[in-house]
Amino acid sequence: MKDKIREAIEDIRPYLQSHGGDVEFVSYEDGVVNVKLQGACSGCAGAQMTLKNGIQRVLQEQFPDDVKSVESV
């Protein structure tokens with residue numbers, strides 16, 4: 001599952017990079033994906049919205065039974 005999540009995050013990264021940010025996969029355990037927002041995303045006021053409405057939404061669409069939440073660490 002971790003490799004599948006990493007691949008999905010690689011598909012999301014170009015969008016974040018086009019806005020000066022980035023995301024790094026940290027871990028996956030018990031349905032929770034931990035990521036680290038970087039660049040412009042790390043200090044952006046909209047980072048929580050990007051995390052939940054962007055990254056989490058995409059991962060839950062691809063893995064509805066496996067991803068419960070995405071958290072920034």
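Enumerate by residue number the trypsin sites (Lys or Arg not before Pro) in segment 38-71 meeting two conditions: DSSP loop (anything except H, G, I, E, B), and at most 16 other Cβ atoms within 10 Å of the site's Cβ.
Working: sites: LYS52, ARG57, LYS68; in loops: LYS68.
Qualifying residues, ordered by number: LYS68.
Estimate the FRET efficiency between SER42 and LYS2 by the formula 1/(1 + (r/R0)^6), using the beta-carbon distance for r and 22 Å for R0, to the nearest 0.05. The partial results should precede the final answer.
Numbers: r = 23 Å, r/R0 = 1.03.
Approximately 0.45, to the nearest 0.05.
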(message) Going by amide H atoms built from the backbone, whose H comes under 5 Å of the H on GLY21, apart from near neighbours?
(response) ALA40, CYS41
(request) Averaging sequence separations of C-alpha pairs under 8 Å and six or more residues apart, then dividing by the length of the chain, give the relative contact order as a whole percent. (result) 30
(request) Could you tell me which label, among [x] 12.2; [y] 11.9; [z] 13.3, carries the value of Kirkwood radius over Cα pairs in Å calculated for this structure? (result) [y]
(message) Under 5 Å between amide hydrogens, which residues at least 5 positions from ASN34 or on another chain qualify, with H placed 1.01 Å from N in the peptide plane?
(response) VAL26, SER27, TYR28, GLU29, GLU71
(request) Calculate the spin-label point distance for ASP22 paired with GLN62, positioning each point 7 Å from the Cα along the beta-carbon direction, and give it in nanometres. (result) 1.8
(message) Spelling out what I want: for every residue of segment 6-18, take phi, set θ = phi - 60°, compute 6.51 cos²θ - 1.76 cosθ + 1.60 (Karplus), and round to whole Hz; glycine and proline get x.
(response) 4, 4, 5, 5, 4, 6, 7, 3, x, 4, 5, 5, 5
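Read the figures in this text as sums done on the coordinates, not as results from a lab. No experiment lies behind these values; they were computed from the predicted model shown. Reconstructed Cβ throughout: ideal geometry from the backbone, glycine too, with neighbour counts over all protein chains shown.
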